[in-house]
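Quick notes on the structure that follows.
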Amino acid sequence: MGLHTPIETHRTHPFGVEILDLRHFSSHNLRPLLEQETLLWAQMMSWDYRPSAEMILRYIDSKILPGYAAVEDGHIGGYAFFVYEGSKGVIGDLYADGSIRLEDDTVEHRLAVHVISTLQQSPGIQRIEAQLLPHESGVLSEPFLAEGFRQYPRLFMTLPLRNGVRPEISSLPDIEFRRWVEQDFQPSAAVITTAYRGHIDSDINDQYRSLNGSLRFLNNIVRFPGCGVFDGNASFVALHKPTRSIAGLLLCSRVREDVGHVTQVCVLPEHRGRRIGESLIGLCTQELRTRNFLGLSLTVTEANAKAVELYRRLGFETRRRFDAFVWEG
């Protein structure tokens, strides 16, 4: 996570709310708050947040997770954390349960101000990224826009798998579809880097801009539970037969026992327009249906109009509109 300047403790009066260094606290102090957040993810997104919450609590106990807690009379009503990735800071989460009331502000707003300030003042930080999935678009935009962040509205979309639309799986003479395997790791990273060159999503996530970054991205979604548990059986590649190279891929995770989430789907530019992406989604949904899954979700940048149009045609519905924010110093 990197070593940067220590977080200052901010005391915010006269209303008795203190914004304190997260590293003052243990998992015992934060667990009730994360249990509330876990309920929110389950209700809003059919997402089992418990593995992520447990990972956060382990980091809190290790005293290496930078961030803040909003405290009133010894009660923690909100928290935010971030991580350092070289010259980049990533805001990992920002949540308040509504138990602390402020007369002139919201707890989330106040936490955002402190996190942004700390990251911008951290030596060597040239970029800050945030994707605030649990917050409706616009709700937390003020502190970010005030500090020069760019705002990208994104959509959280879901497809019911019982009685829902069944995407067509195309039969193409030069394309073979098969399940993703571990040996696809390196070539998949190369496909992601090429597919997102000049794409709006590479503005939002700069990992897409380089092979090393795409490898880190893949490592995070395949080997860590931050975006669900990777599901190799529901992940597929489109293989270009003449060159035996990957033309497109879809990676899927389980975010609940019976709900899947597309963590990545992309097709190389020279193979677009051939319904390869639709076929990959079709294969994924077909696999999940055989295991009695109830739904599949994904996120997409609203400005990516072609992708949004495709997902709507395939039966996906928008459940949430949230924001991604990017700052470059």
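Here residue 281 passes the criteria (1) outside any strand (DSSP E or B); (2) free of Cβ contacts under 8 Å to residues at least 60 places away in the same chain; (3) not small (Gly, Ala, Ser) except the one numbered (2). Counting residues in region 113-123 that are under 21 Å from residue 224 (Cα atoms) and either crowded, with 19+ Cβ neighbours inside 10 Å or touching a strand residue (DSSP E or B) at 6+ places or on another chain (Cβ under 6 Å) (or both) gives zero.
Count of region 292-322 residues, restricted to those that are in contact with a helix residue (DSSP H, G or I) (Cβ under 8 Å, 6 or more places away or on another chain) and farther than 14 Å from residue 157 by Cα, is 1. Being surrounded by fewer than 22 Cβ atoms within 10 Å (Cβ to Cβ) and farther than 18 Å from residue 184 by Cα is a condition met by at least one residue of region 260-270.
Which one is surrounded by the most Cβ atoms within 10 Å (Cβ to Cβ) among residues in region 168-200 that are part of a helix (DSSP H, G or I) and in contact (Cβ under 8 Å) with a residue 60 or more places away in the chain? Among them, the one singled out is 192. For region 49-81, which residues satisfy the criterion of being among the β-branched types (Val, Ile, Thr) and crowded, with 18+ Cβ neighbours inside 10 Å? Passing the criteria: 56, 60, 71, 76. Among the residues of region 82-92, the ones that are assigned to a strand (DSSP E or B) and surrounded by fewer than 23 Cβ atoms within 10 Å (Cβ to Cβ) come to 7 in all.
Can you find a residue in region 107-117 that is within 30 Å of residue 246 (Cβ to Cβ) and either under 23 Å from the mean Cα position of the chain (by Cα) or not β-branched (Val, Ile, Thr) (or both)? No, region 107-117 contains no residue that is within 30 Å of residue 246 (Cβ to Cβ) and either under 23 Å from the mean Cα position of the chain (by Cα) or not β-branched (Val, Ile, Thr) (or both).
When the residues of region 41-67 are filtered to those that are part of a helix (DSSP H, G or I) and of a type in the set (S, T, N, Q), the one that is farthest from residue 320 (Cα to Cα) is 52.
What do you reckon, is residue 301 surrounded by fewer than 20 Cβ atoms within 10 Å (Cβ to Cβ), closer than 21 Å to residue 47 by Cα and within 23 Å of the chain's Cα centre (by Cα)? Criteria met by residue 301.
State whether the residues of region 201-222 include one that is in the same structural domain as residue 261 (by TED's automatic domain parsing), in contact with a helix residue (DSSP H, G or I) (Cβ under 8 Å, 6 or more places away or on another chain), more than 18 Å from residue 88 (Cβ to Cβ) and touching a residue at least 60 places away in the same chain (Cβ under 8 Å). Scanning region 201-222 turns up no residue that is in the same structural domain as residue 261 (by TED's automatic domain parsing), in contact with a helix residue (DSSP H, G or I) (Cβ under 8 Å, 6 or more places away or on another chain), more than 18 Å from residue 88 (Cβ to Cβ) and touching a residue at least 60 places away in the same chain (Cβ under 8 Å).
Sub-6 Å Cβ pairs linking a first residue in region 121-148 that is in the same structural domain as residue 44 (by TED's automatic domain parsing) and outside any strand (DSSP E or B) to a second residue that is surrounded by fewer than 16 Cβ atoms within 10 Å (Cβ to Cβ) and among the hydroxyl-bearing types (Ser, Thr, Tyr), at least 6 apart or interchain, are 122/5; 124/87; 126/87, ordered by first then second residue. Taken over region 225-256, the criterion of being in contact (Cβ under 8 Å) with a residue 40 or more places away in the chain, in a loop (DSSP other than H, G, I, E, B) and closer than 29 Å to residue 53 by Cβ is satisfied by 225, 235. Being in contact with a Ser or Thr (Cβ under 9 Å, 6 or more places away or on another chain), over 30 Å from residue 117 (Cα atoms), modelled with pLDDT of 95 or more and part of a strand (DSSP E or B), is that true of even one residue in region 310-317? Yes, region 310-317 contains a residue that is in contact with a Ser or Thr (Cβ under 9 Å, 6 or more places away or on another chain), over 30 Å from residue 117 (Cα atoms), modelled with pLDDT of 95 or more and part of a strand (DSSP E or B).
The values are calculated or read from the model by the stated rules, or taken from the named source; none is laboratory data. All figures in this text were calculated on a predicted structure; none of them were measured in a lab. A quick note on method: Cβ atoms are made from the backbone with ideal geometry, for glycine too, and the neighbour counts reach across all protein chains shown.
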